[in-house]
Amino acid sequence: MGLYYLTFFCDGERIGKRERPRSAQSKIDYILSVAKRSSCAIKVISASASCCECHQSREEIALDSFTSAIYFDSLRGDKPFTRLVNKIIVLIQLFIYILRNINPSDCLIVYHSPRYMPLVSFLKKIRGFDLLIEVEEIYGDVLGSEKLEKKEFEYFQRADSYIFSTELLEQLVNTEKKPSIIDYGVYEICMRPHKKNNRSIHLVYSGIFAAGKGASRAVETMKFLPSNYILHLAGYGSEEETASLKGEIEALSPEIGDRIAFEGMLIGEDFDRLLLSCDIGLCTQDRNASYALTSFPSKVLNYLNHGLSVVAVNIGPLSHAAIANCIQFYEGDDPESVAHAIKKTKIDRDHITRVVSSLDKEFVKDLSRIIGEYQK
């Protein structure tokens, strides 16, 4: 019996050479680390194609004593046409590999993606392996496509078990009450150095700068906060989105001074250092967005892992979560409501650390329960 993980995986040595979805990678790495901590051998089947000017060859590598990965051939990925062809080429190789190597006694964990959804459905039918689908979000919701959403729900019913990112997703999808576990994101506490006590309270918004995601609302909120509050913006967006946000900051500067720091895109240790220097993380996305009820905002776990208190919009995936008591919710969609919630927020890093540690231990136990039998 074997354990496999189909996803868009890219290890550190291949960053810049193969696709590496920014939003998914930390969750993928966490699942692999939990499997390793549970002494479960797992093979990653990577659907990541080339994203550079060079052809990428098929490779099988050992990541550690428990984890290995296979990458497939793909053409250079710097042109629209070859990127389209690569999707087809990689899917063909995926099909052949799974058909030849995964047996009825094996388990395939699949990070949900519409790209290989039909392929997995067909292979599950003809090979009969156990299928564990990791459902982070419903793409039909995100893209506003009822047709895609219907196909996704049909596909989900083929699973034998699930990993969900929210309790609400579990209620929507798992109508047959199959084995399932909840994983909001990555539970990895980043230890913070002792911070000198001063009067400034540092806020941070991290993530995408697109409309509706909350960066603009975070900026507007600063008009309603006292002068000892400082906002850091760390994220990414198109040139137009970034320019628009910088314009909003500049327009506010006569009123609030230089209390907004535009940090830009930060990763790794630079991002860790920023979060560790802050006190409160902001999740100010649009509550009426189509995806708001079915996806978990990953930035919230990032904040908590670094010991930050969180101020967030009151949406179901957060208010029903086990971390809800670490969040100060706001009800209105106006910046003044956000500011009011910020001023009410209590900073209790010890409590946050205990909650995250507890969730990590629980997830290790739950995942081991589901996948452990495939190591016998």
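Rounded to the nearest 0.05, what FRET efficiency do E336 and M265 give with R0 = 30 Å and r taken as the Cβ-Cβ distance? Could you check? Could you put the intermediate results ahead of the total?
Working: r = 29 Å, r/R0 = 0.98.
The calculated FRET efficiency here is 0.55.
Applying 1/(1 + (r/R0)^6) with r as the Cβ-Cβ distance of E250 and F81 and R0 = 56 angstrom yields a FRET efficiency of 0.90. Residues in the range 298-321 near a label at L276, defined as backbone nitrogen under 12 Å from the 7 Å Cα→Cβ point? It comes to 306-307, nothing else. Listed by chain and number, the aspartates and glutamates whose C-alpha is less than 17 Å from the C-alpha of K177, apart from same-chain residues fewer than 8 away, are D130, E134, E154, D160, E167, D366. Note on the range 69-84 and the range 155-179: Cα centroid distance 32 Å, given to the nearest whole angstrom. Label-to-label distance, E240 versus I61, with points set 7 angstrom from Cα along the beta-carbon direction: 3.7 nm.
Please label the shape of the range 191-338 as rounded, prolate or oblate, based on the square roots a ≥ b ≥ c of the eigenvalues of the alpha-carbon gyration tensor (a/c under 1.5 means rounded; beyond that, a/b larger than b/c means prolate, else oblate). Numbers along the way, then the final one.
Numbers: a/c = 1.34, a/b = 1.08, b/c = 1.25.
Because its axes are fairly even, with a/c under 1.5, the range 191-338 counts as rounded.
Summing +1 for each Lys or Arg and -1 for each Asp or Glu among the other residues whose beta-carbon sits under 12 angstrom from that of I181 gives -3.
Rounding to the nearest 20 debye, state how big the charge dipole of the range 3-183 is about its Cα centre with +1 on each Lys and Arg Cβ and -1 on each Asp and Glu Cβ. Kindly include the intermediate steps, with their values, before the conclusion.
Details: 25 positive and 25 negative charges, 117 e Å.
In debye, rounded to 20, the range 3-183 gives about 560.
Using 0.36 nm times the number of residues separating D73 and R115, minus their current alpha carbon distance, what extension gain do you get? Write down the numbers at each step before the final one.
Working: separation 42, 0.36 × 42 = 15.12 nm, distance 1.71 nm.
Fully extending the segment from D73 to R115 adds 13.4 nm.
In the chain, what is the volume of the convex hull around the alpha carbon atoms, normalised per residue and reported in Å³? Could you put the intermediate results ahead of the total?
On the way: hull volume 53.6 nm³, N = 376.
Given the Cα convex hull of the chain, per-residue volume reads 143 Å³.
The angle between the Cα long axis of helix 117-127 and the longest principal axis of the Cα atoms of the chain comes to about 30 degrees, rounded to the nearest 10.
At 20 °C and 1.002 mPa s, what whole-number value in µm²/s does Stokes-Einstein give for the translational diffusion of the range 3-183, with Rh from the Kirkwood sum over Cα pairs? Walk me through the numbers on the way to the answer.
Numbers: Rh = 16.9 Å.
Translational D for this selection: 127 µm²/s.
Below 8 Å, C-alpha to C-alpha, sequence gap of six or more: please give me the relative contact order for the chain in percent. Write down the numbers at each step before the final one.
Details: 704 pairs, mean separation 56.4, N = 376.
So the answer I get is 15 percent.
Counting charges near N314 (Lys, Arg +1; Asp, Glu -1) among other residues having Cβ under 12 Å from its Cβ returns a value of -1. Centre-to-centre separation between the Cα atoms of the range 3-20 and those of the range 252-303: 26 Å.
Candidate cross-link partners of K147 among the aspartates and glutamates, defined by an alpha-carbon separation under 14 Å and a same-chain spacing of 8 or more, are absent. FRET efficiency for the pair C54 and K343, taken as 1/(1 + (r/R0)^6) with r the Cβ-Cβ distance and R0 = 51 Å, rounds to 0.45.
Here, each number is a calculation from the coordinates, and none is a lab measurement. From a predicted model like this one, the values you see are computed outputs, not experimental measurements. In this analysis, Cβ positions are derived from the backbone assuming ideal geometry, glycine residues included, and neighbour counts consider all displayed protein chains.
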